[in-house]
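Engineer: Structure provided below as structure tokens; questions to follow.
The values are calculated or read from the model by the stated rules, or taken from the named source; none is laboratory data. Not measured: the values here are computed from a predicted model. With ideal geometry, Cβ positions are generated from the backbone for all residues, glycine too; neighbour counts draw on all protein chains shown. Heads up: the accessible areas ignore ligands, DNA and RNA and are worked out on the full protein's heavy atoms, side chains in. Shrake-Rupley method; radii C 1.70, N 1.55, O 1.52, S 1.80 Å.
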Amino acid sequence: MARPWLSALRSDLDSWFQRKTSQLVEEPLQPLPRTQRFSLLQRIAALDAPPSVQSYVHKELTEAITGWRNNPEAANVMVVLGRPVESVAPVLEAVTAAWIEPSIPWHALLPCHHRPVDPAAVSLRLTDALENSLPASDSGTILVSLPNLDQCFLRCIDGWSGFTLLRQLILERRDCFWLMGCNSWAWQFLDHVSQISSYVPTVRTLPPLSGAELRDWLAPVATTLEIIKPNESAPVPAATWASEAEGDEVDLWSQLAELSSGSHRIASEIWVESLRVHPDGEGKQLHPTRYALPDFPSLMDEDRYILHSLLIHGRIRREHLAFGLSLPCHRLQPRIQWLLGEELIRESAEELSVRPWHYPSLVKEMANSNLFTGEL
């Protein structure tokens, strides 16, 4: 016969379990539907580069050009690096578009946002631009912009041949100041195969953003969703945080900055993935929950090689990926489809790229597998 105190304990535990189960069943918030999540990410992708990042690049560029004009021995080139999941090109394009120095006009040498369909034409396009699109030497001093170096090569034999001519012209054309953008993984690879860093003493990296800067950058989207109210410096508290100590909410953006290492692209995906919605569809307000990186699946060696190549190239067509890995497309297709299904990568305009919020985990995965990383 059970003792009275044991029966009472069982009754209390049963009652507690029923309450908790009821709370879980009645939990009103669910992840965003795929279409809504995609729409939000598209709206964020359309935002201009963060103002503080543009200001940083403009300041560094102005100082570098001033040093070059005042000192004949000073470097006439500056490279700006970013992570593979945060394209440098939009930042440089915004800076050069706002360039108002009349004595040094700017010229976009090769504003290539996508590689040619023919893999063999990738390196030839850079050579052609350097031979035929560079202003004549009697045109006066000029700012030459090449914002997307990682779209100018493929990791294969002769896939970076155009960089030999680029190195030569950097030395010969002292009337030009060269502003170039590249992702850090591509830059490390290019330096390994062409020693390009020996010709580029001035290298800058996109600065990390603070929580306040991330909040201000996301404000145009967050305000329309009523997550940030106009003229408010902190997110609207969510019901899931109501029991936390007063003042915790104001530091949520700092937590986002820390988790994303200050990367606005990584942060934007973490932020979108933290949003929840009522399953019954009542109301349009979205509810932020705690920020977190995604679970990371177990990978095969083939997956790692694919992901490593994607990070070096930033984004790339399937045919180019197979060409660089010296494998037929049909060999890669099953693993590409698996990576797409796991949402480790995405496909847009027929190009594959790594989803930004997986980047922190991928850096560790590649390092643990003895694959080089271009982490800044």
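Engineer: Could you work out the local net charge near Ala292, counting Lys and Arg as +1, Asp and Glu as -1, over the other residues with Cβ closer than 13 Å to its Cβ?
Structural biologist: On the way: positive: Arg276, Arg290; negative: Glu258, Glu269, Glu273, Asp295.
Neighbour charge sum, excluding Ala292 itself: -2.
Engineer: What do you reckon, how do His308, His58 stack up by accessible area (1.4 Å probe), largest on top? Walk me through the intermediate numbers first.
Structural biologist: Details: His308 10, His58 80 Å².
Ranking His308, His58 by accessible area, largest first, yields His58, His308.
Engineer: Could I have the simple spin-label model distance between Thr62 and Glu319, label points 7 Å from Cα toward Cβ, reported in nm to one decimal?
Structural biologist: Roughly 4.6 nm, to one decimal.
Engineer: Moving on to the next point. By the gyration tensor of its Cα atoms, with a ≥ b ≥ c the square roots of the eigenvalues, what is the shape of the stretch 66-106: rounded for a/c under 1.5, prolate for a/b over b/c, or oblate? All intermediate terms of the calculation are to be shown ahead of the outcome.
Structural biologist: Details: a/c = 4.63, a/b = 1.50, b/c = 3.08.
Oblate.
Engineer: Over the stretch 46-180, with the other protein chains present, what is the accessible area per residue in square angstrom, probe 1.4 angstrom? Mind dumping the intermediate values first?
Structural biologist: Details: 5700 Å² over 135 residues.
Spelled out: the 1.4 Å probe surface of the stretch 46-180, per residue, equals 42 Å².
Engineer: Further question: Using a simple spin-label model with points 7 Å from Cα along the Cα→Cβ vector, what separation in nm is obtained for Ala349 and Thr164?
Structural biologist: Using points 7 Å along Cα→Cβ, the separation is 3.1 nm.
Engineer: Please give the contour-minus-distance gain from Asn71 to Gln333: 0.36 nm per residue of separation, less the Cα-Cα distance, rounded to one decimal in nm.
Structural biologist: On the way: separation 262, 0.36 × 262 = 94.32 nm, distance 5.34 nm.
Stretched out fully, the Asn71 to Gln333 stretch lengthens by 89.0 nm.
Engineer: Ordering Ser309, Ser198, Ser55 from largest to smallest accessible area (1.4 angstrom probe), what's the sequence?
Structural biologist: Values: Ser309 0, Ser198 95, Ser55 70 Å².
Highest to lowest solvent-accessible surface, that is Ser198, Ser55, Ser309.
Engineer: I'd like the accessible area for Ser139: 1.4 Å probe, protein heavy atoms, all chains in place, Å² to the nearest 10.
Structural biologist: 70 Å²
Engineer: Which distance in nm do the two modelled labels at Leu47 and Asp301 give, with both placed 7 Å along the Cα-to-Cβ direction?
Structural biologist: 4.2 nm
Engineer: Residues of the stretch 172-195 with backbone nitrogen within less than 20 Å of a virtual label 7 Å along the Cα-to-Cβ line of Ala136, please, listed as ranges.
Structural biologist: 172-177
Engineer: Using a 1.4 Å probe on the protein heavy atoms only, what accessible surface does Asp158 show? Give it in Å² to the nearest 10.
Structural biologist: Only protein atoms counted, so the area is about 110 Å².
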